[in-house]
1. If only one of A:Y200, A:Y204 is without any contact (Cβ under 8 Å) to a residue 60 or more places away in the chain, closer than 22 Å to A:I110 by Cβ and either open to solvent by 30 Å² or more (accessible area, probe 1.4 Å) or among the aromatic types (F, W, Y) (or both), which one is it?
2. Could you say whether any residue in segment A:199-207 is at the interface with chain B (Cβ under 10 Å from one of its Cβ atoms), farther than 18 Å from A:A71 by Cα and charged (D, E, K, R)?
3. Determine the pairs where a residue that is within 10 Å of B:L176 (Cβ to Cβ), located within segment B:76-95, has a partner that is of a type in the set (D, E, K, R) with Cβ atoms under 8 Å apart, the partner being 6 or more residues away or on another chain.
4. From the list A:A59, A:A112, which residue is facing chain B (nearest Cβ under 9 Å), open to solvent by less than 10 Å² (accessible area, probe 1.4 Å), more than 18 Å from A:S187 (Cβ to Cβ) and touching a residue at least 24 places away in the same chain (Cβ under 8 Å)?
5. Residues A:V64, A:V24, A:V101: which one is open to solvent by less than 10 Å² (accessible area, probe 1.4 Å), within 27 Å of the chain's Cα centre (by Cα) and among the hydrophobic types (A, V, I, L, M, F, W, C)?
6. Which ones in segment B:122-143 are touching a helix residue (DSSP H, G or I) at 6+ places or on another chain (Cβ under 6 Å) and not small (G, A, S)?
7. Over 30 Å from B:A57 (Cβ atoms) and open to solvent by 50 Å² or more (accessible area, probe 1.4 Å): which single residue out of B:T213, B:T158, B:T150, B:T205 fits that description?
8. Of the conditions (1) at pLDDT 90 or above; (2) outside any helix (DSSP H, G or I), A:T210 satisfies every one except a single condition; which number is it?
Amino acid sequence: MTSIFRKFYFFLIALFLALPLIVVAGVSVNQKQTLAFPPQGLSVSWYGEIFTNPEWRNALVASVTLAVLSAALAVAIALPLAWFLWRRVAPWANIFQLLGVAPFTLPPVITALGLLTFWATAGFYGQPWTAVVSHAIFFVTLPLVTLSLGFTSIDRSLVEAAATMGADDRTIFRTIVLPLILPYIVSGYAFAFVLSLNEYIVAYMTVGFTMETLPIKIFNALRYGYTPTMASVTVLFVSTAAIIFSLVARFGDLPKLLGAMSSDGK
Amino acid sequence: MRREPPQTIGDYAPLLFPAAMLTIFFVVPFGTMIAVSFFQRQQGGFYTPAFVYDNYARFLSAFFGGVLGFSLSLAIAVAVCCVVLALPFTYLLTRMARSVQVVWLVVLLSVLSLSEVIIGFAWSTLFSRTAGITNILVALGLMTEAKALTPSFSAVLTGMVYQAFPYTVLVLFPALVRLDPTLTEAARTLGASPVKAFFTVVVPTLRNTIIATLIMVFIFALGSYLLPQLLGRPQHWTLSVLITDQAIYQSNMPFAAAMAVFLVLVTLGLVALTVIAGRKGEVA
């Protein structure tokens, strides 16, 4: 009885989560350029459109470039900070951890507006690199959280042993800390990358008029009517996210990354 | 190795880059925004340094007060719907095999990472007359004619619950996965049904977690910006929409900044409440 109830409940949640994606996937293979579900005819030409139509291709290139660079910058900010907080006793340094978490906790429009006023005041408004910095600051929280978690899981006696044998900080970092922390760097990067790919408001308010990322392109296209390419881009994005998170789960401990105890502890 | 206080100036070196980046590109912009919120607006989209309260005074007018009230009520509605849906779901999920959990977590993360634009587009398609859910109902014989369900308040609410649901599950997940299973086992041994055990043991134990989650989802929903525009009517627009509208289209940065500062104050107040709720949880 309760088992049936549970299955039904999970089915409803799954349906709720999947329904919009099913409809969009259906629309994306429509033969004609109309919004119709169930799809009329079958065509994958709208997927080709993403890569052949210069407008969509440019937006795709802009989004991927932005995500690759800003996620790298976010990791570059988070890694030394998380390492320092793990290695040193400096209570005041926690304020930087707080600053690293703040942009993601506040409503995004606030970070976006803050950066907009800043770039406008500094005279850099509209430069493509400002979007990279903006996204890195906005998403620095994600690698910071995964890396802090990673550092707490390092057995300090290992490091102690290396230090007793005469290894300096640099050697310890290279030979012990880095290999142990690498999965957390990768997952932190992956989280920041996927979220940057999909981010709208920060990109829109910092470089929206000079650079069109895919979410901005979809929104602009929505205002002027409908094209099935939007649907195919959506399917492409969801698949990318699902693949990346599956890889993180395959090579890392996803429940642990999301706050569960380690797999042997449960 | 034990953590040590920094000995030399060189020990601070790793902190240099992160501290500089966060200060220059987060603290300074934030300060700039607060400063601009007191500036005087000039005609034609410019503003000059000043110290006036006009922007705040205007914000507290009846119209914007109404928008603020609507934004807050909408965020509360989203938070309540999400927690009610997600709490039993997350509880049951944490009791499942780890491999099943992983699959669900991948799905939830994928939905969570979806752009608001994409969620808005997907739901507006689903609520449309030509490609929408009503076509399925017609096909099943439950409705006579397909119709558009958007723009409407329920469309905005559905879209926002969809957006916030994975977030809610992921916020609840750590607390629920660490919940001591012997608690419910004891209740079951004493003859309580699983449903009764859930409501009499799990829910009261997690009272503070639930309150903290409600507040976090509330803040998350408060940030929603595109869904009210894509799925609702202008009267469903939230503060985030108005802030962007003032900043980009009306070129009134001081006014946009004043509204943003106000939003920060509301959010910080709520974060403080979450922390207090968390502290009480530790004591108990």
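The values are calculated or read from the model by the stated rules, or taken from the named source; none is laboratory data. The structure presented is a predicted model; accordingly, all values stated were derived computationally and were not measured. Cβ placement follows ideal geometry from the backbone for every residue including glycine, while neighbour counts extend to all protein chains displayed. Just the protein is used for accessible areas: all its heavy atoms, side chains included, with ligands, DNA and RNA removed. Shrake-Rupley method; radii C 1.70, N 1.55, O 1.52, S 1.80 Å.
1. Numbers: A:Y204 fails: without any contact (Cβ under 8 Å) to a residue 60 or more places away in the chain.
One residue alone meets the criteria, A:Y200.
2. Within segment A:199-207 (the criterion being at the interface with chain B (Cβ under 10 Å from one of its Cβ atoms), farther than 18 Å from A:A71 by Cα and charged (D, E, K, R)), the answer is no, since none of the residues qualifies.
3. Going by the 8 Å Cβ cut-off, the qualifying pairs are B:L92/A:R6.
4. Working: A:A59 fails: facing chain B (nearest Cβ under 9 Å).
Criteria check complete, one pass: A:A112.
5. Working: A:V64 fails: open to solvent by less than 10 Å² (accessible area, probe 1.4 Å); A:V101 fails: open to solvent by less than 10 Å² (accessible area, probe 1.4 Å).
The unique qualifying residue is A:V24.
6. Step one: of segment B:122-143, the residues touching a helix residue (DSSP H, G or I) at 6+ places or on another chain (Cβ under 6 Å) are B:122-127, B:131-133, B:143.
The answer is B:W123, B:T125, B:L126, B:F127, B:I133, B:M143.
7. Values: B:T213 fails: open to solvent by 50 Å² or more (accessible area, probe 1.4 Å); B:T158 fails: open to solvent by 50 Å² or more (accessible area, probe 1.4 Å); B:T150 fails: open to solvent by 50 Å² or more (accessible area, probe 1.4 Å).
Being over 30 Å from B:A57 (Cβ atoms) and open to solvent by 50 Å² or more (accessible area, probe 1.4 Å) holds for just one of B:T213, B:T158, B:T150, B:T205, which is B:T205.
8. Going through (1) at pLDDT 90 or above; (2) outside any helix (DSSP H, G or I) one by one, A:T210 breaks only (1).
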